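> First the structure, then my questions, so here it is.
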Amino acid sequence: MNVYDSARMADVLAPLGYAVVDDAEAADMIILNTCHIREKAVEKVYSDLGRVRQLKSARERRGGRMIVAVAGCVAQAEGAEILVRAPFVDMVFGPQTYHRLPEMVARAHRAGEKVLDTDFPAEPKFDHLPGEGSYRGDVGAGTAYLTVQEGCDKFCTFCVVPYTRGAEYSRPVAGVVAEARRLAAAGAREITLLGQNVNNYHGAGPGGATWGLGRLIAEVAGIDGIERVRYTTSYPADMDDELIAAHRDVTKLMPFLHLPAQSGSDRVLQAMNRRHTAGDYRRLAARLRDARPDIALSSDFIVGFPGETDADFAATLSLVDDIGFAQAYSFKYSPRPGTPAAARGEQVPDDVKSERLARLQARLNAQQLAFNRASVGRVMEVLMERPGRHAGQLIGRSPFMQAVHAEASLAALGSIARFRITAVHPNSLAGVAVADRAASYADERATA
Ligand code: SF4
């Protein structure tokens, strides 16, 4: 989502004459767009600010001016503290106010004025971002992100998002579809619909109807030029019938779903304030596989949540064994200041967390490898996304989000082509091109 937000900041600033540069030294303004999810996020921001300060000082020694801004969730959480600890920072603003950037820049340009804007404004920022004509979007070699929902009302006890991104908000259907059309016209073949709880999307549709995500996906998939649709991130308890049916009915919806389980222990899930049980998760996975038998599942896991026992951890391993994940992210629990779990007793010792994480990751890695090995010999459609490390090599994505390395010319960037998978590397596949894209992926699935 920060990638998407950064692109929209660039859109907002373009009419003021700003353009993105590759080299920070050449910048008239540096915006650190920050994320608060990972451990030590705040320390990392201050450490980066140390480097930015040197650039600003060098610019001023040459008689120039540089505006320094901190944006995003760390800015939201730290607020005025940033201006105290790093007085050379000119602007601090949260994720809900960047549509006001032109006004903030004007204020910062006035001598000595510091700007702090961490409101949760009543006016939705999406109504105030550039529309037709000035919108540049984020279309990197055929793929684009599109935020459809923001914020979170779930308050998982380990998470800062409800405090930094604010309450859940779904964009109206018309704005989302118009933006998807612009992205398609700009070259997007694949659109990933984004939201902290994207599957709880409930946007105002035509005629006063409220649309869920399943219906929105079908609409976006129907736009000329769009060949793939994905969405992330989903909350298990919010997977509704319509969305599960979309996995059966909308062939352009890719057969891959990131569905964070976090734990396989009902006791821990309850302490996390997750609204699903391990049994719910198993049943949901089964329903998804009924709807789309080849769907690949991905997940997030936290090990060593406060109070997690050996039996709780064993329940997580059991869930992993039962589901079989194509990939997963797993982390040791680390406290986020201000969240309920951080204040709990029963913190699990670090060596226990490390040992559990190693065991969990061994299983998840084995599952990922088995999933990737099963791809060898198959022909898959791959969207070529970026140049590889070697000349003449491109890296693309399979329908199942696997990275695929293949020989291909730069001209193929942004296109979808068919590759036979020939080898498996630890985190990627190797493929060779087969005849031109004669059949659809659906045909391929039917004959696989
Ligand atoms: S649902 Fe996701 S974003 Fe919301 S509080 Fe839980 S972990 Fe955080």
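The values are calculated or read from the model by the stated rules, or taken from the named source; none is laboratory data. On a predicted model such as this, the values are computed, not experimentally measured, just so you know. Neighbour counts are summed over all protein chains in view; Cβ atoms, including those assigned to glycine, are modelled from backbone coordinates with ideal geometry. For the accessible areas, the whole protein counts, side chains as well, though only heavy atoms, and no ligand, DNA or RNA atoms are used. Shrake-Rupley method; radii C 1.70, N 1.55, O 1.52, S 1.80 Å.
> If I take the Cα coordinates of the chain and project them onto the principal axes, what are the three extents in Å, biggest first?
So the three principal-axis extents are 67, 56, 52 Å.
> Which translational diffusion coefficient, to the nearest whole µm²/s, is obtained for the stretch 243-376 from the Stokes-Einstein equation, given a Kirkwood hydrodynamic radius over C-alpha pairs, 37 °C and 0.692 mPa s? Before the final figure, lay out each step's value.
Working: Rh = 15.7 Å.
Reported coefficient: 209 µm²/s.
> How much length is gained on full extension from residue 390 to residue 22, taking 0.36 nm per residue of separation minus their Cα-Cα distance?
130.3 nm is the gain from fully extending residue 390 to residue 22.
> How about the chain: what cysteines have no other cysteine beta carbon under 4.7 Å from their own?
By the Cβ distance rule, which asks for a partner under 4.7 Å, the isolated cysteines are 35, 73, 152.
> Roughly how many nanometres apart are two label points built 7 Å out from the Cα toward the Cβ at residue 174 and residue 116?
3.9 nm
> Follow-up question, since we're still on this one. Which three extents, in angstrom, do the Cα atoms of the stretch 5-134 have along their principal axes, listed largest first?
40, 34, 27
> Here is a follow-up. Once the other residues with Cβ under 12 Å from the Cβ of residue 212 are scored (Lys, Arg +1; Asp, Glu -1), what is the net sum? Write out the running numbers ahead of the final one.
Numbers: positive: 215; negative: 219, 238, 240, 241, 242.
Taking every other residue near residue 212 into account, the sum is -4.
> Compare the peptides 202-210, 258-266 by average per-residue count of other Cβ atoms within 10 angstrom and give them in order, highest first.
Details: 202-210: 12.6, 258-266: 22.6.
With the highest mean Cβ count within 10 Å placed first, the list reads 258-266, 202-210.
> Right, another one. Once the mean 1/r over all distinct Cα pairs of the stretch 53-93 is inverted, what Kirkwood radius in angstroms do you read off? Write down the numbers at each step before the final one.
Numbers: mean 1/r = 0.0929 Å⁻¹.
One over the average 1/r among Cα pairs gives 10.8 Å for the stretch 53-93.
> For the chain, with all protein chains present and a 1.4 Å probe, just round the carbon and sulfur fraction of the accessible area to a whole percent. Can you show the working numbers first?
On the way: 10050 of 19390 Å².
Of all accessible area on the chain, carbon and sulfur atoms account for 52 percent.
> Excluding same-chain pairs closer than 8 in sequence, count the lysine pairs in the chain whose Cα atoms lie under 25 Å apart.
For the chain, qualifying lysine pairs total 13.
> Over all alpha-carbon pairs of the stretch 125-223, lay out the pair-distance distribution in 5 Å bins, whole %, shortest bin first.
3, 13, 22, 22, 20, 13, 6, 2, 0
> Another question, if that's okay. Please identify the longest segment of the chain free of exposed GluC sites (Glu not before Pro), where exposed means a DSSP state other than H, G, I, E or B and no more than 13 other Cβ atoms within 10 Å. Could the numbers behind the result be given before it?
Values: sites that count: 39, 113, 132, 346.
Here the longest segment lacking exposed loop sites spans 133-345.
> On a full-extension model of 0.36 nm per residue, what is the gain between residue 209 and residue 62, subtracting their alpha-carbon distance, rounded to one decimal in nm?
Details: separation 147, 0.36 × 147 = 52.92 nm, distance 5.83 nm.
Result: 47.1 nm gained on full extension.
> Let me ask another. What FRET efficiency, computed as 1/(1 + (r/R0)^6) with R0 = 45 Å and r the Cβ-Cβ distance, is obtained for residue 291 and residue 366, rounded to the nearest 0.05? Display every interim value, and only then the final one.
Values: r = 27 Å, r/R0 = 0.59.
It comes to 0.95.
> What accessible area per residue, rounded to a whole number of Å², is obtained for the stretch 126-269 using a probe radius of 1.4 Å? Working shown, then result.
Values: 4900 Å² over 144 residues.
Accessible surface, normalised per residue, equals 34 Å².
> Rounded to whole Å, give me the distance from the Cα center of the stretch 6-34 to that of the stretch 252-323.
So the separation of the two Cα centres works out to 39 Å.
> For the stretch 156-187 and the stretch 74-118, write down the distance between their C-alpha centroids in whole Å.
Here the two parts' Cα centres lie 23 Å apart.
> Report the paramagnetic label zone for residue 322: residues of the stretch 286-312 whose backbone N is under 13 Å from a point 7 Å from Cα along the Cα-to-Cβ axis.
286-287
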